[in-house]
Structure formats: C-alpha cells, structure tokens
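Everything below concerns the one structure shown next.
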Amino acid sequence: MMHETLERWGSQRAFILAVTGAAVGLGNIWRFPYITGENGGAAFLLLYVAFVALLGLPVMMAEIMIGRAGRRSPMQSLLQLANQAGATPHWRWLGWFGGVTVFLILSFYSVVSGWSIEYLVESVNGDFVGSTPAEIGAGFDAFLADPLRMTFNHTLFLLLTMSVVAAGVANGLEKLNNLMMPLLYLLLLVLVGYAATTDGFGTALAWLFRPDLSAVTPLVVMHAMGHAFFTLAVGACALMAYGAYMPDHQSLPRAAVAVAALDVTVALLAGIAIFSVVFSQGIDPGEGPGLMFVTLPIAFAELPWGQLWLGLFFLLLLMATWTSSINLAEPMVAGLQGVGLKRGQAAALVGVAVWLVGLLSVFSFSSLAEVHWIAGMNFFELVTTVPTELFLPVGGLLIAIFAAWVMPRDIALRALDAGPTGYRVWRTVVRYVSIPLTLVVLFSTLI
Ligand code: PFF
Ligand code: NA
C-alpha cells in the first residue's frame with residue numbers, strides 16, 4: 001500500500017492538487033451560501049474568514065504534519081508518533097474519531113452531490129428553458145419529494161466515488177480536475193459579471209461585506225467555526241491521510257496558504273453570484289440547503305446559451321465534489337486496510353455502509369421529514385450540523401494539541417518544513433491562539 005501510494009504522490013504538484021481537490025467542493029458553492037444566508041450575512045462571513053486564518057490554516061498544517069511524519073494511515077501515524085513521544089497509544093482513536101466524522105459527512109455529501117447529477121441531466125434536457133423562478137423553485141421541491149430519484153443519484157455518485165477509491169486512481173482524476181477547475185472559476189466569474197447587471201447586486205455586496213456585529217450570537221460563531229473546518233477539509237484526519245504522501249522538501253505553510261486562499265475565493269464568488277439573484281428575485285436568504293439549486297438555474301436562464309452553461313456548471317461542480325468525496329472516504333478505508341482488509345474490500349464495506357446511512361438523508365425530505373432526532377432536527381439537519389460543527393472542531397482541537405504539544409519537536413519541525421522560525425511561529429499560533437479559541441467557542445455554545 002505504501003509503495004503504490006508513495007508513487008501516487010511523487011511530485012509536489014500532485015500533493016497540492018489532491019489537497020485542493022479535497023478542499024474545493026460543495027462546501028464552497030452549496031454550503032457556504034446557504035449557511036451564510038441562514039446566519040445573516042456579513043458578520044458571519046467575517047467570522048468565517050477569521051476562523052480560516054486563525055484556526056483552519058494552522059490546524060490544517062498540524063494535520064498534514066502528523067500524516068507526513070508518520071507516513072501511514074492516520075491511526076497508525078498517530079500511534080507511532082505517540083510511541084515516539086512516550087505518550088499514550090490511545091491517540092490512535094483520534095484517527096477513528098475522524099473516520100466516523102467523515103463517514104457521516106460523506107453520507108449526506110453523496111446525497112447532495114446526487115442533486116447535482118439530477119440538475120446536470122435536467123439542464124442537458126433543457127428542462128429549465130423558459131421556466132419562471134417560481135417554477136424552478138417548485139421543481140426543486142418536487143425532486144426532493146421523490147425519494148426514488150434521489151436514491152438513484154445518491155447511488156450513482158457513491159459508485160463513482162468508491163470505484164475510484166477502490167482502484168486507487170484518484171491521481172488521474174485530480175489531474176483532470178486541474179484542467180477543468182479553472183473553467184469552473186471562470187464560470188463563477190461570468191456569473192458574478194452577470195450579477196453585477198442585476199438590481200440585487202448592490203444589496204448583495206452590502207449584505208455580504210457590511211457586517212452588523214449586533215447579529216452575532218454564540219451559535220453564529222459556532223456555525224462559522226464549523227464551516228471553516230469543513231470547507232478546508234480539516235479536523236477529520238482526511239488531510240492527515242493525504243499528508244502521508246507529501247514529498248520531502250516542500251514547504252507545508254506555502255501549500256496550505258495557497259489552498260485556503262483559493263478555497264475562500266471560490267466561496268466568495270459563489271456567494272456574490274447567488275445573493276445577487278436572491279436579492280433581485282426577492283428570495284429568502286435563509287432559504288436553506290436548496291438555495292443554490294433554486295438561484296443558479298434562474299441566473300443562467302438570463303444568459304445567452306444559459307442551459308449549456310448551467311449544464312457545464314453542474315458537471316464541473318460534480319467533478320469538484322467527486323475529489324472531495326474521495327478524500328472523505330480515505331480515513332475509513334485506510335483504517336480498515338490497516339486492520340487487514342484489502343483496499344477493494346474496505347472500499348466496498350465503507351460504500352455500502354455510507355449508502356445505507358445516506359438513505360436516511362434521502363428520506364428526510366419525504367417520509368422522515370418530521371422525524372426529529374435531537375433538538376428538533378430531522379436526520380438530514382442533524383447529519384449536516386453535528387459532524388461538521390461539533391466533531392470537526394473537536395477533532396481539529398485534538399489534532400492541534402497532538403501536533404503542538406505532544407509530537408517531538410524535531411519530528412514536527414521537519415514535517416512542517418518551514419525552518420526553525422517558521423516552526424516557532426506556527427507552534428505559538430496553535431498553542432496560544434487556535435487551541436484556546438476552539439475551546440472558548442466550543443464551551444460557550446455547549447454550556
Ligand atoms: N472541503 C470539502 C468541501 O468544501 O466541500 C468537504 C470536506 C472534505 C470536509 C473532506 C471534510 C473533509 F474531511
Ligand atoms: Na471547501
């Protein structure tokens with residue numbers, strides 16, 4: 001396994017591509033706009049960017065460092081480094097905790113990616129041609145109410161994901177992604193250009209960038225923190241799994257900053273485009289998970305060749321989510337491989353289990369809609385909230401503690417690869433900013 005995968009990451013570029021593939025996905029284009037909409041706009045955005053800088057980035061480095069220093073699955077890397085540091089072997093459970101977190105995330109990620117498959121097919125069919133905004137909204141509701149169609153797409157997406165994971169050919173997909181993603185960014189820019197011509201544009205900009213700090217509650221802060229981890233793919237040992245294959249002699253901070261900057265930029269472009277439509281059409285910003293699926297067909301319908309662009313957009317979005325979901329599957333698959341399963345077996349087992357749990361999300365829009373698990377949340381609401389906003393920060397906190405307090409200094413220094421000063425700066429930030437900040441936010445919302 002080591003051999004095959006070490007080869008996979010032979011070049012510096014391949015590593016960056018893989019981490020970018022993991023980071024850019026539904027989090028930027030689907031989750032960021034709707035969660036910003038639900039949390040009132042600019043103040044949330046400001047918090048989210050601050051958390052990316054103060055938590056997401058340093059912890060991303062911590063996570064990749066552990067994988068890079070251990071060069072094994074997250075569980076094995078943590079165990080080995082804990083042994084070297086004379087710390088408790090229980091640290092390896094952090095790898096399994098991450099595995100459970102990404103497992104739950106993947107279960108809804110696959111369902112929502114399935115929505116993109118549906119919309120890709122519908123736009124190619126020309127189903128949106130001549131539709132009014134109201135019809136587009138009603139069409140989305142009708143789709144959600146149809147568990148069979150949703151299950152079909154969820155199944156298809158998971159098959160796509162797990163077959164790449166089983167075959168270990170993610171490298172090819174990431175290279176393809178590298179060619180296609182600039183097109184996605186370009187399309188977002190075109191959308192922003194279109195948005196600038198709508199009468200919702202000014203309102204959207206003010207709403208996104210003029211913060212009203214009185215709107216900030218502990219819960220808003222918690223949502224922003226969770227989203228910072230989610231969008232960067234940090235806190236679940238998924239990047240740790242990739243870090244195992246990062247080549248020597250590559251500066252980790254530089255790679256991490258590049259990925260985070262791109263990730264935030266993509267989210268901002270999507271946000272500007274989507275909220276311009278929201279405000280020019282009088283849609284509720286807090287519309288929820290359907291926001292992107294209602295606004296984008298409306299926006300593209302206004303452009304020449306709109307159906308074509310819309311189809312292309314969903315194709316590219318699908319490619320972006322594909323590389324993210326491959327990353328989501330990795331910790332569990334690597335962990336099961338570590339306990340003796342073959343890669344194909346591990347991928348099949350994880351795939352079937354994720355598929356089953358995903359069905360609970362599928363039916364959350366029809367027969368299970370009113371089945372509340374905790375705090376009045378149905379399964380979809382639960383699984384899109386708790387793993388992201390609680391498990392990722394807790395996982396990130398433990399990862400940060402391990403990298404900055406437990407890991408032997410010389411090993412950590414080498415894994416960061418930013419020189420002694422770079423290391424000292426990183427460690428100071430993690431010890432005295434990232435860790436306390438996460439603790440404060442977690443406690444202030446949970447108590
Ligand atoms: N970063 C991905 C996105 O923004 O869509 C989602 C994600 C991937 C979250 C991997 C967590 C993870 F471990
Ligand atoms: Na992201």
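The values are calculated or read from the model by the stated rules, or taken from the named source; none is laboratory data. Source: prediction; values computed, not measured. Here the Cβ is made from the backbone with ideal geometry for all residues, glycine too, and neighbour counts use every protein chain on show.
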For the range 214-235, does any single residue satisfy the condition of being among the β-branched types (Val, Ile, Thr), modelled with pLDDT under 95 and not in a helix (DSSP H, G or I)? yes
Those residues that are under 16 Å from Ala369 (Cα atoms) and assigned to a loop (DSSP other than H, G, I, E, B), I need them from the range 123-152; list them, please. Ala145, Asp146
Does Met225 satisfy the criteria of being more than 10 Å from ligand 1 (Cβ to nearest atom), under 30 Å from Arg13 (Cβ atoms) and not small (Gly, Ala, Ser)? no
Which listed residue, of Gly70, Gly25, is modelled with pLDDT of 95 or more and within 16 Å of ligand 2 (Cβ to nearest atom): Gly25
Out of (1) surrounded by fewer than 24 Cβ atoms within 10 Å (Cβ to Cβ); (2) in a helix (DSSP H, G or I), the one Gly40 does not meet is (2)
Can you find even one residue in the range 252-267 that is outside any helix (DSSP H, G or I) and more than 15 Å from ligand 2 (Cβ to nearest atom)? no
Being of a type outside the set (Lys, Arg), within 16 Å of ligand 1 (Cβ to nearest atom) and at negative phi narrows Thr323, Thr295 down to just Thr323
Can you list residue pairs whose Cβ atoms sit under 9 Å apart, with the first residue in the range 220-245 being of a type in the set (D, E, K, R) and the second being within 16 Å of ligand 2 (Cβ to nearest atom)? Count only pairs 6 or more apart in sequence or on different chains. none
So in the range 236-251, with the set limited to residues that are within 14 Å of ligand 1 (Cβ to nearest atom) and not in a helix (DSSP H, G or I), which one is nearest to the chain's Cα centre (by Cα)? Ala236
Residues (free of Cβ contacts under 8 Å to residues at least 60 places away in the same chain and either within 16 Å of ligand 1 (Cβ to nearest atom) or assigned to a helix (DSSP H, G or I) (or both)) located in the range 84-111: Pro89, His90, Arg92, Trp93
Hits in the range 112-135 (condition: of a type in the set (A, V, I, L, M) and without any contact (Cβ under 8 Å) to a residue 60 or more places away in the chain): Val121, Ala134
